[in-house]
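Below is one structure; the comments refer to it alone.
The values are calculated or read from the model by the stated rules, or taken from the named source; none is laboratory data. Quick caveat, the model's predicted, so the values are computed rather than measured. Quick reminder, even Gly has a Cβ in these numbers, built from the backbone with ideal geometry, and neighbours come from all protein chains shown. Just the protein is used for accessible areas: all its heavy atoms, side chains included, with ligands, DNA and RNA removed. Shrake-Rupley method; radii C 1.70, N 1.55, O 1.52, S 1.80 Å.
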Amino acid sequence: MNQFEIFANDYLSIKVTAFFHVSYTRMGNPGNPNYLNDLKNTFNDFSQAKLQLAVQELKHTLQADLPIIFKSLGYKEMVVCVIPRAKAEASYHANQQLFRATVQEVVGQIFGLVDGTSYLRRHTNTKTTHLRNPVENYTNDGAEPYSGILEDTCNISPNVAGKDILLIDDIYTPGVNIDEDAINSLLKLRARTVTFYAVGKV
């Protein structure tokens, strides 16, 4: 596991401590966490066997990293939230929300971590940023990332107020600013602190 810093910019008001498990280089490269792409299951057409293998790989990663992060930060308790997928919740099948479901399962196994995986829920479509080119039979509607997009397109639980938050995403890509905006939104809603973790980092 690796530590880095997310620096303040037009989307984020302060510098934030962040962690990632492994570098995300490119799909198919040796050592790349390809299972993250499987869990996206963009067209809901992957087999249960493929998805469950990806779930197990994610589970092992989270079980290794999250206790170390929690212990290193020294908080008595942390609420774990997950960056929501780009489209409205209602547009996804359960097999397309396995990243969040797996985080929820692992969090329930770690003393001191509190399940806040339902605290950020998308109600309005945004642009799916990992699809860089138009894809046949896929309508990639919604706004590109902008400052305030999380607050505008998601229901955010008031329970984030006063809490130390561990915000999790599958892949952190510098320059996209989805994660920066989400961190800033949580801070604006009076989260006490926000620490970020991604499985893969570009």
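Just a few scattered comments:
- Gain in span if fully extended, residue 77 to residue 56, counting 0.36 nm per residue against the direct Cα distance: 5.0 nm
- For the chain, with +1 on Lys and Arg beta carbons and -1 on Asp and Glu, the positive-most of 3, 156, 112 along the dipole: 112
- Global dimensions of the chain from alpha-carbon coordinates: Rg and Dmax equal 15.9, 48 Å.
- Computed label-point distance, nm, for sites residue 89 and residue 147 using a 7 Å Cα→Cβ extension: 2.9 nm
- Whole-percent carbon and sulfur share, accessible surface of the chain, 1.4 Å: 50 percent
- Mean accessible surface per residue for the chain, computed with a 1.4 Å probe while every protein chain stays in place, in Å²: 49 Å²
- Region 141-202: relative contact order as a whole-number percent, Cα under 8 Å and 6+ apart: 45 percent
- Here the relative contact order of the chain, from alpha carbon pairs under 8 Å that lie six or more residues apart, stands at 26 percent.
- Residue 4/residue 161 FRET efficiency (R0 35 Å; Cβ-Cβ; nearest 0.05): 0.85
- 3J(HN,Hα) couplings calculated from phi for region 3-16 with the Karplus curve 6.51 cos²θ - 1.76 cosθ + 1.60 (θ = phi - 60°) are, in sequence order, 10, 8, 10, 9, 8, 4, 8, 5, 9, 9, 7, 9, 6, 10 Hz; Gly and Pro show x.
- Legend: distances between Cα atoms for 50/201; 50/163; 15/40; pairs beyond 26 Å are 50/163; 15/40.
- Per-residue SASA entry for residue 92, accessible area with 1.4 Å probe, Å² rounded to 10: 40 Å²
- For GluC sites (Glu not before Pro), the sites in region 136-202 that DSSP calls loop and that have at most 15 other Cβ atoms within 10 Å are 136.
- Projected label distance in nm at residue 25 and residue 47, using a 7 Å step from Cα toward the beta-carbon: 2.7 nm
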